[in-house]
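Read through the structure below, which is laid out as structure tokens, and then see the notes.
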Amino acid sequence: QVQLVESGGGLVQAGGSLRLSCVVSGSIFSIKTMGWYRQAPGNQRELVADIISGDSTNYASSVKGRFIASRDNAKNTVYLQMNSLKPEDTAVYYCKMNVQFKDMGPTFQYWGQGTQVTVSS
């Protein structure tokens with residue numbers, strides 16, 4: 001059974017940095033797409049960064065220039081480096097991956113359990 005396991009959240013002061021990680025637990029063939037989302041209390045879940053293919057990444061305008069999403073294919077892991085954090089970045093952060101279990105096979109979508117990021121002013 002495949003699970004996405006997130007880590008790296010916590011409490012940080014404004015201007016600080018955090019690095020989130022999301023690793024695939026279980027056997028897969030490949031990760032096709034991956035992304036990071038966040039949800040603040042009372043708000044809908046929103047896209048933070050979406051790694052479409054290769055090194056092509058889309059970022060929400062609110063985090064562009066401050067956050068960097070990356071992937072390590074060998075480790076089946078994605079990262080979100082968050083710099084110059086602001087109180088408005090406070091939210092539960094989720095990773096999402098579309099994976100394949102065999103070459104040319106269908107893709108299946110999985111979400112991480114979420115990790116809390118709190119930025120104090």
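Some notes on this structure:
- Considering only K64, K32, K102, the mean-square fluctuation computed in a Gaussian network model of the chain, springs between alpha carbons under 10 angstrom, is largest for K102.
- In Hz, Karplus ³J(HN,Hα) per residue of region 2-7 (6.51, -1.76, 1.60; θ = phi - 60°; x = Gly, Pro): 8, 9, 9, 10, 9, 7
- Distance from region 78-121 to region 1-54 (C-alpha centre basis), Å: 1
- FRET efficiency, 1/(1 + (r/R0)^6) with R0 22 Å, evaluated for S56 and Q3 via beta carbons: 0.25
- Solvent accessible area, Å² - V12, 1.4 Å probe, full protein context: 20
- Of the three principal axes defined by the Cα atoms of the chain, the extents in descending order read 47, 27, 25 Å.
The values are calculated or read from the model by the stated rules, or taken from the named source; none is laboratory data. Note that the coordinates shown come from a computational prediction; the quantities given were computed from them, not determined experimentally. Methodologically, a virtual Cβ is constructed for each residue, glycine included, from the backbone with ideal geometry; neighbour enumeration extends over all protein chains shown. The area values use the complete protein model at the heavy-atom level, side chains included, leaving out ligands, DNA and RNA. Shrake-Rupley method; radii C 1.70, N 1.55, O 1.52, S 1.80 Å.
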